[in-house]
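A.B. asks: One structure follows; several queries about it will come next.
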Amino acid sequence: MAERSRILDSTLSSPFKSTVINNLKNLGVNFLLGDLSDHESLVNAINQVDVVISTIAHDQLYNQDKIIAAIKEAGNIKRFFPSEFGNDVDRAHDAEPAKTGFATKAKIRRAIEAEGIPYTCVASNFFSGFFLPALNHSSSGGLWLYLHPHVQGFEHCVLLDDWLTLKSVLALSGLFRALWPVDSLGNFCEAYSGLQQAEASGPRKVILSICHSLFVKGDQTNFEIEPSFGVEASELYPGVKYTTVAEYLNQLF
């Protein structure tokens with residue numbers, strides 16, 4: 001049976017996204033056009049699947065309450081993955097503008113819990129290949145790290161039927177434990193952020209505020225993952241090959 005995926009009409013207008021969609025179609029994925037504002041269409045689509053993985057963009061996070069309502073009405077979903085894929089929002093100390101987005105994610109978590117929907121929140125930290133700068137290119141003006149997102153996709157596949165992650169947070173935090181000396185790296189990033197903050201705007205300011213959460217506040221490594229709320233990915237799936245932050249940074253210098 002072919003896999004099913006639901007997309008918005010606006011997605012097809014993006015040349016890059018339409019190319020991705022066509023590639024997936026060639027792999028046998030069936031797409032259903034839909035609209036987050038059309039409750040009936042959401043329910044009809046959700047009735048055709050067992051798992052919902054939300055990858056909704058940060059500026060539409062609040063619209064996940066519509067997905068939650070549709071899941072609740074459908075009543076057949078075995079697992080819901082809300083759109084997170086970053087810091088554990090219940091344990092972060094973010095500055096604005098990231099703070100507002102994280103608060104929205106936390107609100108969505110509470111709504112899922114209140115409705116009794118089976119869920120797993122994936123706190124992939126910087127695992128998505130989006131952050132941690134190419135520090136050997138200080139003039140590039142960005143803080144970026146390109147890890148390997150394929151493992152994250154694998155995690156979602158094995159999570160679908162894993163009861164150990166039901167109603168909990170799967171955190172990929174073990175990758176950061178062997179990072180360079182925290183003081184030196186933290187001081188560097190705090191100074192870098194301070195120099196850039198005044199001239200930063202838009203998405204760049206969001207990136208800097210999240211980097212402040214990681215490097216200055218230590219929000220991805222400053223707490224222990226307790227069984228009461230989550231599990232650590234590299235411990236749960238030791239057979240998966242992970243690239244740690246330290247291993248990646250060693251390739252740059």
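A.B. asks: What FRET efficiency do you get for LEU27 and TYR242 if R0 is 41 Å and r is their Cβ-Cβ distance, rounded to the nearest 0.05?
C.D. replies: The formula returns an efficiency of 0.95 here.
A.B. asks: A follow-up question, please. Given a Förster radius of 22 Å and the C-beta distance between VAL20 and SER41 as r, what FRET efficiency does 1/(1 + (r/R0)^6) yield to the nearest 0.05?
C.D. replies: Here the calculated transfer efficiency is 0.50.
A.B. asks: Please give the peptides 210-218, 39-47 ranked by average Cβ packing (other Cβ atoms within 10 Å per residue), highest first, as a rough proxy for protection.
C.D. replies: 210-218, 39-47
A.B. asks: Provide the gained length on full extension for the span ASN76 to LEU164, in nm with one decimal, where the gain is 0.36 nm per separating residue minus the Cα-Cα distance.
C.D. replies: 29.7 nm
Just so you know, all these numbers are worked out from the coordinates, no wet-lab data involved. Since we're looking at a predicted model, the values are computed, not measured. Positions of Cβ are generated from backbone atoms using ideal geometry, with glycine treated the same way; all protein chains shown enter the neighbour counts.
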